[in-house]
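The values are calculated or read from the model by the stated rules, or taken from the named source; none is laboratory data. Here the structure is a predicted model, which means the values were calculated and not measured. Here the Cβ is made from the backbone with ideal geometry for all residues, glycine too, and neighbour counts use every protein chain on show. The area values use the complete protein model at the heavy-atom level, side chains included, leaving out ligands, DNA and RNA. Shrake-Rupley method; radii C 1.70, N 1.55, O 1.52, S 1.80 Å.
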Amino acid sequence: MSRLTVKIDTDAITSNVATLVGRTTAAVMAVVKADGYGHGLVEAGRAARAGGATWLGVAQPHEALELRALGDEGRILTWLYGPDFPARELIEAGVDVSVSSAEVLGEIVAVSRDGAPCPRVHIAVDTGLGREGVTLAELPGLLELVKAAQREGLVRVVGMWSHLAWADAPGHPTIDLQARVFRQALVIAQQASIALEVRHLANSACTLTRPDLHFDLVRPGIAIYGLPPVEDPEGKNFGLKPAMSVTSEIILVKDVPAGQGVSYGHEYVTVHPTTLGLVSAGYADGVFRAAGSVAEVSVRGRRYRIAGRVCMDQFVIDLGPATTVCVGDEVTLIGPGGPSAQDWATAVGTIDYEIVCRFGGSRPKTFS
Ligand SMILES: *Cc1c(COP(=O)(O)O)cnc(C)c1O
């Protein structure tokens, strides 16, 4: 096992959720899908609850069931599945379920008819993302089915929701366009006499930039981990603190002459006699191979670019000729005083979401 360590500051998640709660009059659903964006499903869920999240949101049914199994008793919504999803388990566990099609509604009604408790359903509306949800054209037909099932007491529609395509580009015209379509969907629901408990649209970016689109419930994900997807005009990161840090260790230092090629393909060649440091972490640990020669790490408060290619379990940094760095020194890949998840994202051409999912998914985490 390499020396890569992923530490999660659960107090930061609690504090970030409390900060978001303070920015809205809506209820907050903390999104903890994909193992809490790599921060730990159950730990992130608990920390979010402590910060005032009255809802937790997950994409996949098994995540909702795991939260329940490990003791979460609050409201949970899950939204991503096809018609073969575990409807009975979810409904018996008191998980709210999203409906994107008549087929899924049919499954839910069938389970209910078969004696399960009355399911709590949120209708997903595709207002322009082109992903989950029914289109505005399909909505009246779906609501007819809902009304028939509601008359028999087989289902309760409690929510209507949608998701934005461009929320991280404040001012993008699609935001208002999607909001308008969402409002039309709400009117259609109202005309069908469907009494909604919660209407929800906002992800992190929308929660931070568009208070007028919070409706009854906001669904921040990345922001609860301290990584806002939009820039704070006040330069204070909206008061959010990154919750994940990633460190490793120098396991070998050695002096080499000028002209020494480093790592596979000799992409990096030393220009002076220097000292190389071998870091115990590689692409098997979530260090993007694309980070070779571009991403930086920090040791003893100084930044070093990765020298040449990232290997499966290791990479090299050039410590320079007069280094005091020695074996056992901590290497910060992400963390206070070192690079951020956004720095890694910029270096490898992705978003910080993928960076934390990848590092966090690579191994057991430690929590504080
Ligand atoms: C992932 C997701 C969110 C959270 O998005 P962030 O950009 O991380 O805030 C909210 N709603 C849905 C439907 C999602 O899939």
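Criterion applied to L139, L145, L201, L154 was being touching a Leu at 6+ places or on another chain (Cβ under 9 Å) and either away from the ligand (no atom under 16 Å from the Cβ) or over 20 Å from D96 (Cα atoms) (or both), and the one residue passing it is L145.
Scanning region 258-272 for residues that are farther than 21 Å from D329 by Cβ, in a strand (DSSP E or B) and either modelled with pLDDT under 95 or open to solvent by less than 60 Å² (accessible area, probe 1.4 Å) (or both) returns a single hit, G261. Just one of (1) surrounded by fewer than 20 Cβ atoms within 10 Å (Cβ to Cβ); (2) at pLDDT 95 or above fails for G115. It is (2). Only a single item in (1) open to solvent by 50 Å² or more (accessible area, probe 1.4 Å); (2) in a loop (DSSP other than H, G, I, E, B) is not met by G52, and it is number (1). Evaluating A185 against the criteria (1) within 11 Å of the ligand (Cβ to nearest atom); (2) open to solvent by less than 10 Å² (accessible area, probe 1.4 Å) leaves one unmet condition, (1).
Entry remark, region 273-285: residues being open to solvent by 70 Å² or more (accessible area, probe 1.4 Å) and within 9 Å of V256 (Cα to Cα) number 1 in total.
Residue under question is V230, and the condition is that it be outside the structural domain of V58 (by TED's automatic domain parsing), closer than 25 Å to G338 by Cα and within 16 Å of the ligand (Cβ to nearest atom); does it hold? Considered against the rule, which asks whether it is outside the structural domain of V58 (by TED's automatic domain parsing), closer than 25 Å to G338 by Cα and within 16 Å of the ligand (Cβ to nearest atom), V230 comes out as yes.
Report yes if H122 is under 24 Å from I194 (Cβ atoms), outside the structural domain of S362 (by TED's automatic domain parsing), modelled with pLDDT of 95 or more and within 16 Å of the ligand (Cβ to nearest atom), otherwise no. So H122 passes the test.
Just a yes or no: is a residue in region 21-30 assigned to a loop (DSSP other than H, G, I, E, B), in contact with a His (Cβ under 6 Å, 6 or more places away or on another chain) and not β-branched (V, I, T)?
Scanning region 21-30 turns up at least one residue that is assigned to a loop (DSSP other than H, G, I, E, B), in contact with a His (Cβ under 6 Å, 6 or more places away or on another chain) and not β-branched (V, I, T).
Every condition in (1) open to solvent by 10 Å² or more (accessible area, probe 1.4 Å); (2) within 18 Å of G159 (Cβ to Cβ) holds for T14 except the one numbered (2). Per the listing P220, P242, P233, P229, the residue uniquely in a loop (DSSP other than H, G, I, E, B) and either under 26 Å from M1 (Cα atoms) or of a type in the set (F, W, Y) (or both) is P242. Pairing residues of region 233-246 that are on the phi > 0 side of the Ramachandran plot with residues that are buried (at least 16 other Cβ atoms within 10 Å of the Cβ) and of a type in the set (S, T, N, Q), at Cβ distances under 6 Å and at least 6 apart in sequence or on separate chains, gives G239/T19. When D35 is tested against the conditions (1) open to solvent by 10 Å² or more (accessible area, probe 1.4 Å); (2) closer than 27 Å to V287 by Cα; (3) in contact with a Phe, Trp or Tyr (Cβ under 9 Å, 6 or more places away or on another chain), the lone failure is (3).
Among the residues of region 129-163, those identified as among the charged types (D, E, K, R) and surrounded by 16 or more Cβ atoms within 10 Å (Cβ to Cβ) are E132, R156.
Could you please find all residues in region 174-196 being in contact with a Leu (Cβ under 6 Å, 6 or more places away or on another chain) and outside any helix (DSSP H, G or I)? Within region 174-196, A192 is the sole residue that qualifies.
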